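Inspection log for the structure reproduced underneath, given as structure tokens.
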Amino acid sequence: MNSLTIKEISSFLSTRINFPKKSPKDSPPHKKWDASARASIVILWGLLVYPQLDKDLQQRRQKPTITIAELQRLFFEYLGSKEQCMQVLLLLKNHDYIRMNEEQAISAGTELYKAVDALKMYRLFRDSILSRSFYKQNQ
């Protein structure tokens with residue numbers, strides 16, 4: 001299976017909340033971000049939110065977290081250098097898509113839950129043999 005491009009990954013991002021068209025301020029901030037930042041939302045949703053929705057994975061993990069080092073190692077081709085990765089993570093943290101603790105563990109923030117159409121992504125992840133093997137491998 002070929003790797004997906006940043007643009008392909010970011011295309012999976014679809015806000016499930018319909019915002020009024022009153023002003024651009026009312027739309028979610030990620031709508032204005034580059035494809036790399038949007039792709040990171042999808043990647044982090046898959047790592048942090050999906051395991052909470054999947055019955056098989058719920059039993060194996062407590063609260064899903066990932067370290068910055070592990071995230072960068074697994075998704076270097078999408079997130080780039082450590083500096084580039086940190087810029088994206090800080091952007092996401094500032095908008096409450098993620099939360100980071102002192103040990104540099106990343107967990108889901110409120111906006112991560114709202115930014116992705118969970119039904120659409122759940123089906124995609126559930127059907128993906130690759131994602132299932134990833135979660136089993138990282139247990």
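The values are calculated or read from the model by the stated rules, or taken from the named source; none is laboratory data. Nothing here was measured: the structure is a model prediction, and the numbers come from that model. Cβ sites come from the backbone with ideal geometry, for glycine too, and all protein chains shown count toward neighbours. Protein only, heavy atoms only, side chains kept; ligands, DNA and RNA dropped before computing areas. Shrake-Rupley method; radii C 1.70, N 1.55, O 1.52, S 1.80 Å.
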### Query
What is the gain in length, in nm to one decimal, between ARG73 and GLN87 on full extension, counting 0.36 nm per residue of separation less the C-alpha to C-alpha distance?
3.4 nm
### Task
Assign unit charges at the C-beta atoms only (+1 for Lys and Arg, -1 for Asp and Glu), then state the dipole size of the range 33-124 relative to its Cα centre in Debye, rounded to the nearest 20.
300 debye
### Task
Note down the net charge around LEU90, summing +1 for each Lys or Arg and -1 for each Asp or Glu among other residues with Cβ under 13 Å from its Cβ.
+1
### Task
Arrange the residues ARG38, ARG73 by how much accessible surface each exposes, largest first, with a 1.4 angstrom probe.
ARG73, ARG38
### ASP56 versus LEU119: modelled label distance in nm, points set 7 Å from Cα along the beta carbon direction
2.3 nm
### Task
Putting +1 on Lys and Arg Cβ atoms and -1 on Asp and Glu Cβ atoms, find which of LEU91, GLY80, TRP45 reaches farthest to the positive end of the dipole of the range 33-124.
TRP45
### Residue-count net charge about GLU103 - beta-carbon cut-off 15 Å; Lys, Arg +1, Asp, Glu -1
+1
### Message
As a quick test, which of the pairs LYS32/LYS114; LYS32/LYS63; LYS7/LYS55; LYS7/LYS31; LYS93/LYS120 have an alpha carbon distance above 20 angstrom in this structure?
### Response
LYS32/LYS63; LYS7/LYS55; LYS93/LYS120
### Summary
Most packed first (mean Cβ within 10 Å per residue), the peptides 40-47, 105-112, 80-87, 116-123 order as 40-47, 105-112, 116-123, 80-87
